[in-house]
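Working notes for the structure below.
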Amino acid sequence: MFRTQAADDGDELLARLGALTARARELAEMQRSRVELAVALQRGMLPHDLPQPPGVRLAVGYMPANHGLNVGGDWYDAFPMPDGRIGLSIGDVQGHNIKAAAFMGQVRVGLRALASVTGDPGELLARTNDLLVALGADLFATCTFLRLDPATGVVECARAGHIPHIWATADGRSGVDEGECGPPLGVLEGAEYPVVCRRLTTGGVVVLLTDGVVEGPSLSLDDGLRRVMRLAEITTAAGLGINALVSGVMRLADTVGHEDDAAVLVVGHDAGAL
C-alpha cells in the first residue's frame with residue numbers, strides 16, 4: 001500500500017513538473033515574440049537610407065537597450081530639405097518600451113513634416129515642441145537638430161535638452177559644442193531653442209550622440225565626451241574615415257556598463273576613404 005501511494009505521488013509530481021516546464025516554455029516563446037515585435041517596430045521607425053550629397057559623408061551606429069523588451073526611444077535621422085540643405089537629427093525619448101518607440105516615431109515624423117515649413121533649427125524645434133505639448137503626450141524627448149549646407153559646410157545647430165555634439169578637424173583640433181541648450185521637447189509650451197553656427201571644414205567631422213554612448217555606471221558623461229572627442233581627433237587627423245570613427249565610438253559604448261540605447265550619427269565633409 002505504501003509503495004503504491006509513493007509511486008502515485010511520484011507520478012503526480014512528475015506530471016506537475018511537466019506542466020510547469022511546458023508553461024515556462026510557452027511564456028518564454030511569448031516573450032521572445034514580444035521582443036521580436038518590439039525590435040521590428042523600432043527598426044521600422046528608423047531611416048533605411050541616408051542621403052549622400054556631393055561633399056558630405058554620413059555614417060551611423062546603433063545598439064538597442066539590453067533589458068526589458070529590448071526596445072527604446074533613441075533615434076537618428078537625415079533627410080534633404082526643400083532649400084537643398086540636409087536636416088540631421090538625433091534624440092532620446094524617455095522610457096524603454098513600445099510606447100517610447102512609438103513616441104520616437106511621432107517626434108521623428110513631426111520634425112520631418114515641420115521641416116517643410118521652416119528650416120531654421122531653433123524654430124523647427126520650437127514648433128515640434130509646441131505640437132507635442134498640444135497633443136498632451138506624457139513622454140518627452142531630448143533632441144539635437146542640425147541643418148547642413150553641403151556647398152559651404154556651414155552647420156546650424158539647436159538642442160532640446162540633449163547632450164552636446166563633438167567636432168574635429170583634419171588638422172588635429174577637436175572640441176565639444178558649447179552652445180546654449182533649450183528644454184526637452186514636449187515639456188514647456190513656448191520654449192525657445194538658440195541656434196549656434198560653425199563651419200565643417202574639408203576633412204572635418206561632427207559627431208552626434210545619445211547619452212547611452214558616453215554615460216553609464218562605468219563612465220561619467222564628461223569622461224565619455226572627452227573620449228569621443230579624442231577618438232574623433234585621432235581618426236580625423238589620420239584620415240581613417242567616418243566608418244572607422246563610428247566603430248570606435250560604438251566600442252566605447254560597449255564599455256560604459258549601461259542598459260540604455262546607444263546611437264551615433266557622424267557627418268563628414270569630403271571625408272575621404274570610407
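Give me the net charge for the shell around Val196: Cβ to Cβ below 14 angstrom, other residues only, Lys and Arg +1, Asp and Glu -1. So the environment of Val196 carries a net charge of -2.
Between the listed residues Ala191, Gly241, Met229, the Cα displaced farthest toward the positive end of the dipole of region 186-274, a dipole computed from Cβ unit charges relative to the Cα centre, is found at Gly241.
Rolling a 1.4 Å probe over the protein heavy atoms gives region 92-236 an accessible area of 41 Å² per residue. Hey, any idea what % of region 99-215's accessible area is carbon plus sulfur with a 1.4 Å probe? Of the solvent-accessible surface of region 99-215, carbon and sulfur hold 53 percent. If you wrap the tightest convex hull around every Cα atom of region 65-187 and split its volume per residue, you get 111 Å³.
The values are calculated or read from the model by the stated rules, or taken from the named source; none is laboratory data. No experiment lies behind these values; they were computed from the predicted model shown. Cβ atoms come from the backbone with ideal geometry, glycine included; neighbour counts cover every protein chain shown. Heads up: the accessible areas ignore ligands, DNA and RNA and are worked out on the full protein's heavy atoms, side chains in. Shrake-Rupley method; radii C 1.70, N 1.55, O 1.52, S 1.80 Å.
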